[in-house]
Structures are given as structure tokens and as C-alpha cells.
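Report on one structure; see the data block that follows.
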Amino acid sequence: MKKTIATIVLTLAASPALAQQCGSDFATWKQGVAQEAQAAGIGQRGLSALQNAQVDPRVLQRDRAQGVFSQTFTEFAGRMISSYRLEQGQALLRRHADLFARAERDYGVPGPVIAAFWALETDFGAVQGDFNTLNALVTLAHDCRRPELFRPQLVPMLTLIDHGDLPADTQGAWAGEIGQTQMLPSDILKLGVDGDGDGVVDMRRSVPDVILTTARKIQSRGWRAGEPWMQEVRIPEQMPWEETGRSNRLPISQWTAWGVTKRDGSPLDANAPDAGLALPMGHRGAAFLLYPNFDIYLEWNQSFTYTLTAANLATRLAGAPRFDSRTPEEGLTGDAMRLLQEKLQSRGHDVGGVDGILGMMTREAVRQEQIRLGLPVDGWPTPALLSNL
């Protein structure tokens, strides 16, 4: 497919003027999508696929039940960074060393970073999903919870079907991602790399296509070649906790002055870029310096728990040991977390919804209350914080 066609399709798909309201009569809504598709040059094969598309209730159930992210970082990472993924990932890095070297040469992305996403998304292609992709995208675009995320994927998906790059019954994840690293149709169209030279970008079966396209996607999000993304560190018993946090990047010299070292106690690399100090389970738990490249993980997935796990898995595949979880204070889960979020909301904080999940907005609200109460400012909600509220 020519790049110019893909660019036109993506522009049309994102155009507010062509958007139809979500939640309306489904048949009428599909007619609006068909008009948009026709305007983008979609032919009969793509339009027929759209005509047969249906709402999948299972997709809506999954969209509203993402309880996995209610786990703590230690729980989630402990489950997701398995011995199988470490061993298989290292084996694939060796087996496809030339491909990974090409990916780093062309796009600046190290092999372990690619392999970590490959592992977490589909167990290296073994579990790619059993949801009809077009039905999933139609369902989520018609639903009014997050249509702005999924409506722009419909025309790209129909383009891939219309051009014969994907069959109409393609299966993938419940949220419309396709292939071994779970990419959305617009990314496949815009960033796809035909790594094996067969004329088709096949993210479902071609390892060269998977590795190189994934690298190009990561690069497109702003990856800085030759720079780190995460580093486990040792922290002192006392330091200005209010200066911690992923987004509060400071020079390495400042962290060194406060007593932060590498995990083995040796000095930090003075030439490393500015970094933020993340304490996913508080100042008594594991500690990581997060560099600008970590932001690309958040472009991939907005869950801090997932992205921290993906970044840590990449360091493990690159040779780092298992992180030291240390002895964090008791945290909050379930009803206690929801009660905390309600209390934070009542104090004027935006926590992104009372869902019992410690997301980034809840963490920031916790930090603000810790400052007010004179507690260590680490974003980790404890029973003591809840009782103080």
C-alpha cells in the first residue's frame, strides 16, 4: 500500500466533520461509518465487511472489567515476569539476533525493549486473542465510553480488509489490537514494515514484520536511541520525598547528592539524562529511576503498573536481576481504595473515577494530601493516610 493512500485514510478517519454520534441506532450509525469509508475510497470488500459487523457484548464486558490493574506493582510484575517469558525472550533475542540488530540500527530501539512487549502482549505470538477485530472496533466506537479512541480505527481496519491485507474475520484482542505485539490498524497502516520482503505486513505470522514494525512504532513515539529507560536504584532512609515522582526529572548529580546509588551501591552514571524517581509501592518499597524513554511506555499503555512492568521486564532481558521489593508499608485495595478515592474527590482532587485502582491521577492526589499532612510524599496510599482523611 502506498504511504500517500494510508495518510489520506488516516486523515479522513480522524476528521471530526465525518464523525457520527455514538450510542445512536446501530444500523443508522453504521450507515454513517459506511459514508465515511466510501469517502476514504473503501471498495466493496471493505463495505461488505462493515455491513456484516455486529456489536459484541463480550467486548463491552471486558472493557468495563479491567480488574487486573487493581493489583500492586509487586503482584502484577511477579505474575507477568515469569521464568518462561525470561527464558523464551532471551532465546528469541539470540535466535533473531540479526533482526534485532537491524531494528536497533534502523530505529534505535534495543532488542530487549521489543522482546518485552512481545512477551507481555501475546507470549511471543502464542495468544493473540479470539475476538473478531472489526466487531470489537465497531462495538467500542459505537459505545459512548471511549469512542474517540476507537472511531479513528474503523477506516484503517476497513482499508486493510479492502486491500486484502487482512481477512474480514481477523481475530485479535478485545480492544481491536492485532498481531503478536497487538497493534491497532492505524499503526499497521502507517508504520508497518515488510521485514521479510513478501509484499505484505503480517503482524500475525511474520517474525521479521513483528520485530521491525514494533521497533518503528516505538521510535515513532519519541524513543531516544542510546539512552536508558529504567534503572533500579538504592535509596537512603531519609531524603526529600516530595522531589520524587516519575515526571519530576532532576539531574543525576542531584539524586547522587541525596544518596541515591545503583542497586549494588556504586555511583550512578553521571552522564545519564535527567530522571524521575518512581516509588511504585512507597518509599519503603522498590525504587527506580525513570528516564525520558520511559514516557514511550506510557504512549503504549496508560497503566503505570503495566508500563513499569514492561520496562522492568526489558531490563531483565538485558541482564538485570529481579528487582528488590524491599518491605513496603501495607497498602489499600478494593473497598478501602474506593473509600480513599471518594475522600480525595470530596477534597477536590480529580482521581479519574472511583474504581479501586491506583492510577496516576489517584497517586498524584495522594501526594498532594501527603504534603498537606506532613507525611512522606511517595504517592503510596496507606491505612494511616486513609484514617487521617
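The values are calculated or read from the model by the stated rules, or taken from the named source; none is laboratory data. This is a predicted model, so every value here is computed, not measured. Cβ coordinates were reconstructed from backbone atoms using ideal geometry, including for glycine residues, and neighbour counts include every protein chain displayed. For accessibility, only protein heavy atoms count, side chains too; no ligands or nucleic acids. Shrake-Rupley method; radii C 1.70, N 1.55, O 1.52, S 1.80 Å.
Out of the residues in region 352-389 that are among the hydroxyl-bearing types (Ser, Thr, Tyr) and part of a helix (DSSP H, G or I), which is farthest from Pro236 (Cα to Cα)?
Ser387
State whether the residues of region 135-147 include one that is in contact with a Leu (Cβ under 8 Å, 6 or more places away or on another chain) and of a type in the set (S, T, N, Q).
yes
Just one of (1) small (Gly, Ala, Ser); (2) open to solvent by 20 Å² or more (accessible area, probe 1.4 Å); (3) at pLDDT 95 or above trips up Ala314, so point out which.
It is condition (2) that Ala314 fails.
Among the listed residues Gly199, Gly195, which satisfies the condition of being under 24 Å from Ala91 (Cα atoms) and either modelled with pLDDT of 95 or more or not charged (D, E, K, R) (or both)? Walk me through it before giving the result.
On the way: Gly199 fails: under 24 Å from Ala91 (Cα atoms).
After ruling out the rest, the residue left standing is Gly195.
Out of region 332-351, which residues are open to solvent by less than 50 Å² (accessible area, probe 1.4 Å) and either assigned to a loop (DSSP other than H, G, I, E, B) or more than 28 Å from Ala65 (Cβ to Cβ) (or both)?
Scanning region 332-351 gives Leu332, His349, Val351.
I'm trying to understand the selection: among the residues of region 253-267, which are without any contact (Cβ under 8 Å) to a residue 60 or more places away in the chain and either part of a loop (DSSP other than H, G, I, E, B) or open to solvent by less than 50 Å² (accessible area, probe 1.4 Å) (or both)?
Pass one, region 253-267, residues without any contact (Cβ under 8 Å) to a residue 60 or more places away in the chain: 253-262, 264-267.
Selection gives Trp255, Trp258, Gly259, Val260, Thr261, Asp264, Gly265, Ser266, Pro267.
Residue by residue through region 109-142, note down the ones that are over 16 Å from Ile211 (Cβ atoms) and touching a Phe, Trp or Tyr at 6+ places or on another chain (Cβ under 8 Å).
Selection gives Gly129, Phe131, Ala136, Leu137, Leu140, Ala141, His142.
Please enumerate the residues belonging to region 232-252 that are hydroxyl-bearing (Ser, Thr, Tyr) and open to solvent by less than 40 Å² (accessible area, probe 1.4 Å).
Thr244
Could you check region 130-195 for helices (runs of 4 or more DSSP H) lying wholly inside it with 2 or more residues that are aliphatic (A, V, I, L, M), buried (at least 21 other Cβ atoms within 10 Å of the Cβ) and in contact (Cβ under 8 Å) with a residue 24 or more places away in the chain? Explain how you work it out, then say what you get.
Details: elements: 133-142, 147-150, 154-162, 185-191.
Hits in region 130-195: 133-142, 154-162, 185-191.
Can Glu232 be described as farther than 25 Å from Arg322 by Cα and either touching a Pro at 6+ places or on another chain (Cβ under 8 Å) or of a type outside the set (Gly, Ala, Ser) (or both)? So that I can check it myself, show each step before the final result.
Details: farther than 25 Å from Arg322 by Cα: no; either touching a Pro at 6+ places or on another chain (Cβ under 8 Å) or of a type outside the set (Gly, Ala, Ser) (or both): yes.
No.
Residues are listed down the side, and each one gets a yes or a no for (1) open to solvent by less than 40 Å² (accessible area, probe 1.4 Å); (2) at pLDDT 95 or above:
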site: Leu10; (1), (2): yes, no
site: Ala40; (1), (2): yes, yes
site: Arg45; (1), (2): no, yes
site: Arg62; (1), (2): no, no
site: Val68; (1), (2): no, no
site: Ala97; (1), (2): no, yes
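Among (1) at pLDDT below 95; (2) of a type outside the set (D, E, K, R); (3) assigned to a loop (DSSP other than H, G, I, E, B); (4) open to solvent by 70 Å² or more (accessible area, probe 1.4 Å), which single condition is Ala17 missing?
So Ala17 meets the others, but not (3).
Considering region 268-295 alone, what residues qualify as being open to solvent by 10 Å² or more (accessible area, probe 1.4 Å) and either more than 20 Å from Glu75 (Cβ to Cβ) or without any contact (Cβ under 8 Å) to a residue 60 or more places away in the chain (or both)?
Leu268, Asp269, Ala270, Asn271, Ala272, Pro273, Asp274, Arg284, Pro292, Asp295
Would you say Tyr306 is among the aromatic types (Phe, Trp, Tyr), more than 16 Å from Thr244 (Cα to Cα) and open to solvent by less than 10 Å² (accessible area, probe 1.4 Å)? Quick ask: steps written out before the conclusion?
Values: among the aromatic types (Phe, Trp, Tyr): yes; more than 16 Å from Thr244 (Cα to Cα): yes; open to solvent by less than 10 Å² (accessible area, probe 1.4 Å): no.
So Tyr306 fails the test.
I'd like the full set of residues that are part of a helix (DSSP H, G or I) and in contact with a Gly (Cβ under 7 Å, 6 or more places away or on another chain), limited to region 117-129.
Ala119
Quick one: in region 196-231, of everything that is acidic (Asp, Glu) and open to solvent by 30 Å² or more (accessible area, probe 1.4 Å), which residue is farthest from Ala318 (Cα to Cα)?
Of everything passing the filter in region 196-231, Asp198 is farthest from Ala318 (Cα to Cα).
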